[in-house]
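Inspection log for the structure reproduced underneath, given as C-alpha cells.
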Amino acid sequence: MPDLAVVTGAFSYTGGFVAEKLLRDGFPVRTLSRRDDPSSPLHGRVDVAELQFRDEAALVESLRGAGTLYNTYWIRYESGGCTFDRAVENTRTLFRAAQAAEVERVVHLSVSNPSEDSPLPYFRGKAACERALSESRLEHAIVRPTLIFGRRDLLVNNIAWILRRFPVFLVPGSGRYRLQPVSAEDVAEIAVTARGVVDAAGPDVFTFDELVRAIGDAIGRPRRLVHLPAGAALAVGAVVARVRRDVVLTRDEVAGLEAELLVSHEPPRGDDGFREWLEASGEALGRRYVSELARNFRPYAPL
Ligand SMILES: NC(=O)c1ccc[n+]([C@@H]2O[C@H](COP(=O)([O-])OP(=O)(O)OC[C@H]3O[C@@H](n4cnc5c(N)ncnc54)[C@H](OP(=O)(O)O)[C@@H]3O)[C@@H](O)[C@H]2O)c1
C-alpha cells in the first residue's frame, strides 16, 4: 500500500488537481482544509482533517502517517486579519508540525521568482516560506508556478466575465508585460515528480494584451483593449469589485505582472497549451463571476 499523501486545499483549486493525480496514482489521500465540500468531485474520495494553525498538537495529529505533504496553503492578498506575515507564520507552523509528525517529505507550492528583497509582500513572503523549509530538517521539493489555469480558475474566468459584459477591456499599463501560464494538471504532474527547486511554467509566453485577446476570441467576445495608467484601471476595477464584493486585481498583482514575475527563466516543464485549453473551455468561461473573497476569506465554521 503506498504511503498516505496529505494535500492542503483539495476542495479548493490547485490542491484538487494534486489530489486527483495522487488518487490516480493509487495513493490514499487526506486533505487539510477549512471545510468539507459535498459538491466536490473529491468528496468521499479523500479523508478530511481541519486546516488550522491555532492548535499545533492537532495539526501534528492530522499529519501523522503521511509519506508526503503537498502544501498549497497561502493567501492571494491581505484581508481582515489575514496578512502575509501571518501566512508565513502559519506556514512555519505547518512545517514544524510536519517535522513533529515525522512526515517523510514536503512538496511546497511557491511562486515563480520569489525574492526576500521583493517590494511585493506576496513574493517576499513566498521566499520566507522557502527559506523556512530549506532551514528545516524536512526532506523537500519546491515547485514555483507562474499563472495557473484550469477548472475552478479565478483570474482567467473573471477576465472572461468582464469581456462578456463590457464593450471594452481596460488594461492596466502598457499590456506589453509577459506571463507564461501553466495548466493545473501540469502543476500537479510537476509537483508529484519534483526534485529540488523547480519552476512550473507552460510552453507559451503571452503579453497581457495577447492573453486577454486570446480569452476574448475563445469566448466569442473580441473586445477593444484600452490602456490606462495602472492606478486608473485599478480604480475602475475597484468599482466592479465593489459590486461583486471582491478584489478583482490588487495593485501588487499589477506590479508583479509589470515586473514579469509570472515568467519562468527555465525551460518549460508544462506541456499544455493555454490556447488549446481556452478553445476547450471557452463556452463555460466567465459565465459566472468567481469571488476570491467569497471563496477564501469567508469565515468557515471549524470542521
Ligand atoms: N493560482 C495561481 O495562479 C498561482 C500562481 C502561482 C503560485 N500559486 C501558488 O500555488 C498554491 C495554490 O494556489 P491556489 O490558487 O490553488 O490556492 P487555493 O486553492 O485558493 O488555496 C490554497 C490553500 O490555501 C488555503 N487558503 C487560501 N486562502 C486562505 C485564507 N484566506 N485563509 C486561510 N486559508 C486560505 C485554502 O484553504 P481551503 O482548503 O480551506 O480552501 C487552501 O488550502 C499557493 O501556494 C499559491 O501561492 C498559485
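The values are calculated or read from the model by the stated rules, or taken from the named source; none is laboratory data. Because the structure is predicted, anything quoted here is derived from the model rather than measured. Quick reminder, even Gly has a Cβ in these numbers, built from the backbone with ideal geometry, and neighbours come from all protein chains shown.
Check whether at least one residue in the range 283-293 is under 29 Å from L32 (Cα atoms), at pLDDT below 85 and under 20 Å from the mean Cα position of the chain (by Cα), and report yes or no. Looking through the range 283-293, none of the residues is under 29 Å from L32 (Cα atoms), at pLDDT below 85 and under 20 Å from the mean Cα position of the chain (by Cα). Out of curiosity, is D246 more than 23 Å from S112 (Cα to Cα), touching a helix residue (DSSP H, G or I) at 6+ places or on another chain (Cβ under 6 Å) and of a type outside the set (F, W, Y)? Yes: the conditions hold for D246.
Would you confirm, using the coordinates I've provided, whether T93 is of a type in the set (S, T, N, Q) and closer than 24 Å to E20 by Cβ? First the steps, then the outcome.
Values: of a type in the set (S, T, N, Q): yes; closer than 24 Å to E20 by Cβ: no.
Answer is no for this residue.
Restricting S40, S118, S62 to residues that are polar (S, T, N, Q), in contact with a strand residue (DSSP E or B) (Cβ under 8 Å, 6 or more places away or on another chain) and modelled with pLDDT of 95 or more narrows the list to S62.
The set of residues from the range 77-124 being surrounded by 17 or more Cβ atoms within 10 Å (Cβ to Cβ), part of a loop (DSSP other than H, G, I, E, B), within 12 Å of the ligand (Cβ to nearest atom) and not aromatic (F, W, Y) comprises E78, S110, V111, S112, N113, P114. The residue of the range 257-282 that is surrounded by the most Cβ atoms within 10 Å (Cβ to Cβ), among those that are under 18 Å from the mean Cα position of the chain (by Cα) and assigned to a helix (DSSP H, G or I), is F274.
Out of the residues in the range 60-76 that are under 20 Å from S12 (Cα atoms) and in a strand (DSSP E or B), state the one that is farthest from the ligand (Cβ to nearest atom).
Step one: filter the range 60-76 for residues under 20 Å from S12 (Cα atoms), giving 62-63, 68-76.
Those left that are additionally in a strand (DSSP E or B): 68-71.
On the way: T68: 16, L69: 12, Y70: 10, N71: 7 Å.
Going through the qualifying residues, I end up with T68.
Please tell me if T72 is of a type in the set (S, T, N, Q), touching a residue at least 40 places away in the same chain (Cβ under 8 Å) and out of contact with any strand residue (DSSP E or B) (no Cβ under 7 Å at 6 or more places or on another chain). Spell out how you get there, then give the answer.
Details: of a type in the set (S, T, N, Q): yes; touching a residue at least 40 places away in the same chain (Cβ under 8 Å): yes; out of contact with any strand residue (DSSP E or B) (no Cβ under 7 Å at 6 or more places or on another chain): no.
Criteria not met by T72.
Candidates in the range 1-42 are the residues that are of a type in the set (D, E, K, R) and touching a Pro at 6+ places or on another chain (Cβ under 9 Å); of these, the one that is nearest to the ligand (Cβ to nearest atom) is R34. Within the range 134-145, the set of residues being more than 10 Å from the ligand (Cβ to nearest atom) and touching a residue at least 40 places away in the same chain (Cβ under 8 Å) comprises S136, L138, A141, I142.
The criterion of at least 1 residues that are more than 16 Å from the ligand (Cβ to nearest atom) and in contact (Cβ under 8 Å) with a residue 12 or more places away in the chain is met, among helices (runs of 4 or more DSSP H) falling completely within the range 146-253, by 155-165, 208-218, 230-244. When restricted to residues that are among the hydroxyl-bearing types (S, T, Y) and under 15 Å from the mean Cα position of the chain (by Cα), the range 92-120 contains 2. Considering the range 46-59, the residues that are over 25 Å from V187 (Cα atoms) and exposed (fewer than 15 other Cβ atoms within 10 Å of the Cβ) include one that is farthest from the ligand (Cβ to nearest atom), namely A57.
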